[in-house]
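Comments concern the structure below.
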Amino acid sequence: MAKQLYWLSDEEWARLEPLLPRGRRGAHRVDDHRVISGILHMLRSGARWRDCPAEYGPYTTVYNRFNRWSRQGIWLGMFEAITGRTAVIGTASIDGSHVKAHRSAAGGKGGTSSKPSDARGAVARPPSTR
C-alpha cells in the first residue's frame with residue numbers, strides 16, 4: 001500500500017510564502033515547502049509526530065517548527081491564507097475514551113465507610129430530600 005502524502009499545491013505555496021518569517025538568526029532553515037507540507041499532513045492524519053513520513057524530513061524538525069510557530073502566532077495567518085477564513089476557535093471536541101481515571105479515584109467501594117448504629121438510626125431525623 002502506497003503512502004498518501006500531502007503536498008501543498010503551487011497556488012497554496014504562493015499564498016503562504018510571503019507570510020513566512022524572514023531574517024531570523026540561527027541555523028539555516030531547511031526547505032520550508034517540505035516541512036510545512038509535513039506539518040499539514042500530520043495535522044490532517046492525527047498521527048504522532050514521531051510517525052511523520054521521512055519524505056518530509058526529520059520528525060523533530062517538523063514538530064519543532066510547528067511548536068515554535070504556534071507560540072509566535074504565525075500559523076493563524078497561514079491558516080487564514082490557505083482556507084480564506086480565520087481558524088475555528090469556538091469549537092471543541094472531547095473523546096471520552098482518552099479520559100480515564102484510576103479505579104480508586106472515586107474512593108474505592110461505594111457508600112460511606114461508617115454506618116450509624118441501630119439505636120442512633122432509629123431516632124435519626126428523616127432525610128431532607130425524598
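Each reported figure results from applying straightforward, stated rules to the coordinates on display, with no laboratory input. The shown structure was predicted, so the numbers you read here are calculated from the model rather than taken from an experiment. As a convention, Cβ positions derive from the backbone with ideal geometry for all residues, glycine included, and neighbour counts pool all protein chains shown.
A few notes on this one:
- From phi via Karplus (6.51, -1.76, 1.60), per-residue ³J(HN,Hα) for the stretch 10-19 in Hz, x at Gly/Pro: 4, 5, 5, 5, 5, 6, 7, 3, x, 8
- Computed 3J(HN,Hα) for the stretch 47-64, one whole-Hz value per residue from the Karplus formula 6.51 cos²θ - 1.76 cosθ + 1.60 where θ = phi - 60°, is 7, 5, 4, 4, 8, 5, x, 5, 4, 8, x, x, 4, 5, 5, 4, 5, 4, glycine and proline marked x.
- Ranked by the mean number of other Cβ atoms within 10 Å of their residues, highest first, the peptides 55-64, 69-78 fall in the order 55-64, 69-78.
- The modelled label-to-label distance between ALA81 and GLU55, using points 7 Å beyond Cα along the C-beta direction, is 2.4 nm.
- Sorted on the mean count of surrounding Cβ atoms within 10 Å across their residues, most packed first, peptides 11-21, 39-49 read 39-49, 11-21.
- Spin-label pair LEU43/ASP10, simplified geometry with 7 Å Cα→Cβ offset, distance in nm: 2.4
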